[in-house]
Structure formats: structure tokens, C-alpha cells
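The values are calculated or read from the model by the stated rules, or taken from the named source; none is laboratory data. In this text the structure is predicted, and so the values were computed from the model without any measurement. Using ideal geometry, Cβ is built from the backbone for each residue, glycine included, and neighbour counts are taken over all protein chains shown. To get the accessible areas, we keep the full protein, side chains included, count just its heavy atoms, and leave off ligands, DNA and RNA. Shrake-Rupley method; radii C 1.70, N 1.55, O 1.52, S 1.80 Å.
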Amino acid sequence: MNRFLRTAAVLAALIGSTFTAHAADTEDKASPKVLRYAFRVAETTLDPAQVNDIYSRILTGHIFEALYTYDHLARPIKFKPLTAEALPEVTDNYRTWTMKVRPGIHFADDPVFGGKKRELVAEDYVYAIKRFADPANKSPVWSNIDGFKLLGLGEQRQKALNEKKAFDYDSPVEGLRALDRYTVQIRLAQPRPRFIEFLAASDLFGGVAREVVQAYGDKIAEHPVGTGPFQLAQWRRASFIALERNPGYRERFYEAEPAEGDAEGQALLARFKGRRIPMIDRVEVSIIEEAQPRWLAFLNGQHNFVEQVPTDYVNQAMPNGKVAPNLAKKGVQGWRQVRADLAATFFNLDDPVVGGYSPEKVALRRAISLGLDVDREIRLVHKGQGFLAQAPIAPHTTSYDPSFKSEMSDYDPARANALLDLYGYLDRDGDGWRDLPDGSPLVLQWSIEAESRGRQMSEQYHRDLSALKINVKFKPGKWPELLKAARAGSFQIWHVGGMSASPDSQGALQRYDGSQVGGQNMARFRRPEFDAIYKRLSELPDGPEREAQFAEARRLAVAWMPYRIRYHSYITDMAQAEVIGYRRPQFWLDWWQYVDVVTAAKTPK
């Protein structure tokens, strides 16, 4: 037995010491197994076709199921069938993808089905994807889907827009067909070597029963019905959500293929292999925006899991990356890792003050970016839980280079002031604030969340911009409201965090793709040279030629500065002793089915 496997065996023993295998596999009907935690931002919808925020996607990812999924323990990642019988048949130079749905999978029971079992079929995936193209749904991710160029789907959408008629779901689409009851075929206009990432997004592209959507109409967001391991049990908008185990969920068992040298993964596999999933009965999610009550809910045992320990408390909870002794005595577990994310400040390129592509407008954005002391922000506001970003490429993704350095991370107020002087942003009236080159007042409007961290960030930005003699006003609001305004282009400056949903680095560059303005491209950035790069990245196979395109994309991102990519995060999750089996997913959002919750009686004193 090699060193890694010996370590895995020890970890498996430790994981298993919480309770006996027999006890774990014997259901305790009197004590439902409940995972309880909080989102720091409210969900917006439970309709996949209208969802875009990560918190709503966590919920839909456990209700709906895509054809494929990620191996929960594999690092590096592996794809495997979820509702499909096998991996896709790929032909015509990555243009044609054919998938077989496994017979015998059923939707969760719902009154719409009239008491009968409703089997998942190929047409449910065809319909689900068509819903994103339906103009009536105003899907914020349509522009991303359109980028894959499913033959005829964009034309079908445009026809509905031109004729001002309802989208015709019954009209055949060349690139999206059910060849028979169980066979889905997708045909693309251009090669898409990594299209399986699309096919593995359960939070967006799970099968949807058409009759359910038709029955509930504009209330469909309140009635999500999928084939996944959980179903909606209770929902008080922006307050509380409960999902329960889908009682009709098919027989599915804990299986994974962790790397041989992955001691933690091997230990989890040894402990849970063969267990039927999901292992828990219910998940309760509270919306708690403020950090202190969210943390206290975990400390006092009201919650048994905390996803992303609030930054104000990370260093108390896990000093030097280890669980604090007082918490460790209670069996509290902790995990800290670099997240595949980025945090960015972005400018509205359609705004008359900070937008545009003329030299003086670019100079203003670059000066603001050079004036932001992000290192100080990380230390004071985020309590050291991050590190400076150099490019719009997330850690853990294919083209991320930890040694790469660019101007994106520079803090240089002297250069910033020189740029502003050079391009005519001077204090012309002697009031202590710079004016625009035409002499009118320069006043920035910065959107900010109306909560404690937002207040800390606004203090930081006010300090930074005051050093440049730039007057800034902050517009506080609730996150869902600010997101809606940003999508509509009704803002000047805001910030956004993004977590990669797939291992390919191109995902983060959606925010620069001109065809995705109003969707992922919240900066409303439009440059034909960048759009051409994005198109080539989509079509090229992995290799040096594609990496050269990423290098040019990084250069243009700095040159035009529609986004100031500020930092990547360290993320810390913690769980009470009763929660076992947790491992943070790298790119996907569904994980509840892979954890267990033991009752207090079975947890060691």
C-alpha cells in the first residue's frame, strides 16, 4: 500500500469514527436528517430559464438534472453521465452531439401529472433549451446560449420578435431535435470542442416538462418540477427556502473516481461508496445578509453548516488555516481553499461619463483603476481572504497562470493623477474636485449594497478616489435590485463577483463578448477585435494557438479597462460535527446529495 493510500485509509477511519457504518445506513424515521445554512444574498427565481445569480442556481441545480455531471471527487475534473446512458457521440468536428436519455427516470410527483408517473424523455431537454430562446422569458443567459450557435434556434427567436408573435415551440429547429423518445441531437454551426460543459449544467439545462410550464404559466418560478434529488417544500421569498428529498428519486448510489494521490477524496469514497443518495432528508436555507447574525446562527447551532464564513470572523474561526481550538473541541470542521472566482469593478461603457472608447474616456477608467488600493481593501474589508488578480481568468481554470503579472493589479495614484491631468480632468472651478475636460463637474455614481460590507467598501472607495480629487456619490440598494439595474444598463459603476461554472477559462470572458450585452456582459463592452477572439476561442481545440488567443484577450482587457478585476478569493467553509462528507465543488453547484447528517445521539460527545 503506497503512502497516499495509507493516508486515505487513516482519513477514512477518522471520517467513519463519527458513527458506525450500520448506524449510518439505517434510516431514523423519527429524526429527519436536515442540512441548515444561510445564503448571504437572496435568491431571485427558481425558473432555470430566468435564473442568473449563483444563489438561485444552487437551488435549481438540486431540483433539475442535466444529461451529464461532474465526478464529485475527481481532481482534475471528469464528466460522467447523469440522466444520459453514456457520454455523448461527437461527430462532424465537434459540431454534432448526440445523447441517449436513460429510460425509466421520472419527474418528481406534481398535481399536473394527474397522479401518474411522468418519464423523462428527449423532448424535455429540447423544450428546456428552447425556453431560453423564447423572448417572453427574457432569459439573462440567452446571449451565452446563442454563442454556441445551435442551428436555427436564434432564427426561431428572431422570427418571434419580428412577427411579434409567441415563440413557436412546435416548429422544428435543425440544431435541436429529439430523434426518438430517448435520443437528443444538437447540431452547431461551428466546432465547439468543450460543449459537454454546457450539457453538464443541471442548474440551467435540466429537463423540463412542458405541461408543467403550461399549467403554472407566469407562476412557474414557484413550481419548479425536475428529476433531481430534491424538490421544493417551502419558499418565503428572500427569507427562507426548504427543499426535501424527492421521495420518487431513482436508485442512485455514491460513486466517484478520485485520483490515487488524493487522500481526502479516497477517504470519502471509502466511507460512502455504495450508499444511496441523497443521504439527507431536507435542506433549509435562510437568507441572512448581515455577517454577524449569519455567523452567530452557526456558532449557536441553529445552522450546522456555513458556506463562506464571513470575512470578519475567518481569522477567529480558522487562524492560520486551522480550526480554532475552542471550535475543534466541539467537532467543528473547516475547509479553506482558493476559489475559482474573481471580483471585479465594472463601468457602464454606454454611460456618457465613464463609458466610451475615446482616449480621454479610457484614461478616466484606467486612472480610477490605478487609484483603487485593492491590497488595502483585501486586508481591511475582506480580512485577508483574497489575493490580487492580474487578468479576467479564474484560478483552477485551464489558462490560469499564477505567475502572470499585468497592470490590472497596479495601485499607483501618482500615475493615476498624471493620466487625469494629461487628458484634461482638472479642477477648473477651485472647489477641490476634478471636472470633465469640457469643464462640467465630474461626479461618479457608484452603486453599492446596503449592508455592512457595502458600507465598508464605500468608505474604502471614497478614500481612494478622494486622493485623486474625484467626487463620488454612492447609490445603496438591495443586491437583486442592483443586479436588475445593471442588466438594464441603469448604472454607472458597480462591482460583481463571478465563480467559474466550468473548467475552461473562456467562461469568464463572456463578460467581454459584445453579443452578451444585457446578459453576462454587464459592462456593455463592445469591441470587434475582442469578439473575434472570443469566437476563435470557442472553436479552437486546446493547444498553443488557443493559448495565444487568451494572451491577446488579457492584453485587451487591460487596455480598454471595462472591468477592473480586483482579486480572487480564499474561501472558508465550516460544518458542525454532525455534517459529514462535505467537499467544496470546484465548478458545479450541486453537492447536498453527497453529504450526510448524523443525529445528535450518534455524534460522539
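For the range 454-605, with every protein chain kept in place, what is the accessible area per residue (1.4 Å probe, Å²)?
Accessible surface, normalised per residue, equals 36 Å².
Going Cα to Cα from LYS149, which aspartates and glutamates come in below 13 Å? Please leave out same-chain ones fewer than 8 positions away.
Excluding near neighbours in sequence, the set is GLU174, GLU539.
For the range 269-276, just list the computed ³J(HN,Hα) in residue order, Karplus coefficients 6.51, -1.76 and 1.60, θ = phi - 60°, integers in Hz, with x standing in for Gly and Pro.
Computed from phi, the couplings for the range 269-276 are 4, 4, 6, 10, 3, x, 6, 6 Hz.
Below 8 Å between Cα atoms, with a sequence gap of 6+, how large is the relative contact order for the chain in percent?
It rounds to 20 percent for the chain.
Before rounding to the nearest 500, sum -39500 (n - 2.57) across all DSSP H runs of length at least 4 in the chain and divide by the residue total; then give [θ] at 222 nm in deg cm²/dmol.
-8500 deg cm²/dmol
Under the √(5λ) rule applied to the eigenvalues of the Cα gyration tensor, what semi-axes describe the equivalent ellipsoid of the chain? Give them in Å, descending.
Whole-Å semi-axes of the equivalent ellipsoid: 40, 32, 23.
Can you find, among SER143, VAL309, GLY274, the residue farthest towards the positive end of the dipole of the chain? Put +1 on the C-beta of Lys and Arg, -1 on that of Asp and Glu.
GLY274
With N residues in the range 328-483, what two-decimal value do you get for its Cα radius of gyration over 2.2 N^0.38 Å?
Computed over Cα atoms of the range 328-483, the ratio equals 1.20.
If I take the Cα coordinates of the range 99-150 and project them onto the principal axes, what are the three extents in Å, biggest first?
Here the Cα extents, ordered largest to smallest, are 38, 26, 12 Å.
How about LYS219: which lysines have a C-alpha closer than 24 Å to its C-alpha, ignoring those fewer than 8 places off in the same chain?
LYS116, LYS117, LYS130, LYS138, LYS164, LYS165, LYS478, LYS484
Starting from a Cα-only point model with no solvent, please compute log10 I(q)/I(0) by Debye for the range 115-198 at q = 0.11, 0.15, 0.26 1/Å.
For the requested q values the scattering log ratios are -0.31, -0.57, -1.39.
Using θ = phi - 60° and the Karplus form 6.51 cos²θ - 1.76 cosθ + 1.60, what ³J(HN,Hα) does each residue of the range 46-58 get, whole Hz, x for Gly and Pro?
10, 9, x, 5, 10, 7, 8, 7, 5, 6, 5, 5, 4
Of all the accessible heavy-atom surface of the range 272-327, with the other protein chains kept in place and a 1.4 Å probe, what percent is carbon and sulfur?
With neighbouring chains kept in place, the figure for the range 272-327 is 47 percent.
I need the phi-derived Karplus couplings for the range 351-363: 6.51 cos²θ - 1.76 cosθ + 1.60, θ = phi - 60°, integer Hz, Gly and Pro marked x.
After applying 6.51 cos²θ - 1.76 cosθ + 1.60, I find 6, x, 8, 9, x, x, 10, 6, x, 5, 6, 5, 4 Hz.
Using a ≥ b ≥ c from the Cα gyration tensor of the range 191-304 (square roots of the eigenvalues), is it rounded, prolate or oblate, where a/c under 1.5 gives rounded and otherwise the larger of a/b and b/c decides, a/b for prolate?
It is oblate, given that a/c is not under 1.5 and a/b is not larger than b/c.
Sort 513-524, 481-492 for me by packing, meaning the mean count of neighbouring Cβ atoms within 10 Å per residue, highest on top.
Going by the mean number of other Cβ atoms within 10 Å, highest first, we get 513-524, 481-492.
Please report the orientation-averaged projected area of the range 401-536, defined via the convex hull of its C-alpha atoms, in nm².
It is 10.7 nm².
With +1 on each Lys and Arg Cβ and -1 on each Asp and Glu Cβ, and nothing else charged, work out how big the dipole of the range 283-421 is about its Cα centre, in Debye to the nearest 20.
680
Taking a label point 7 Å from the Cα of TYR169 along the Cα→Cβ vector, which residues of the range 77-110 have an amide N closer than 13 Å to it?
none
Could you list log10 I(q)/I(0) for the range 58-107 at q = 0.13, 0.16, 0.24 Å⁻¹, which the Debye formula gives when each Cα is one point scatterer?
Each listed q maps to, in turn, -0.39, -0.58, -1.01.
Pairs of Cα atoms under 8 Å, at least six residues apart: use those to get the relative contact order of the range 46-118, whole percent.
17
Please work out the FRET efficiency for the pair SER403 and LYS116, using the Cβ-Cβ distance as r and a Förster radius of 45 Å; give the result to the nearest 0.05.
Efficiency, from the Cβ-Cβ distance: 0.15.
Name the shape class, rounded, prolate or oblate, that the alpha-carbon gyration tensor gives for the range 212-251, where a ≥ b ≥ c are the square roots of its eigenvalues, rounded holds for a/c under 1.5, and otherwise prolate holds if a/b is larger than b/c and oblate otherwise.
Since a/c reaches 1.5 but b/c is at least a/b, the shape of the range 212-251 is classed as oblate.
Just order 159-166, 105-112 by mean Cβ neighbour count inside 10 Å, highest at the front, would you?
105-112, 159-166
If we sort 249-261, 60-72 on the protection proxy, mean other Cβ atoms within 10 Å, highest first, what's the order?
In descending order of packing, they fall as 60-72, 249-261.
Kindly state, to the nearest 0.05, the FRET efficiency for ALA86 paired with ARG252, given R0 = 22 Å and r defined as their beta-carbon distance.
Calculated value: 0.85.
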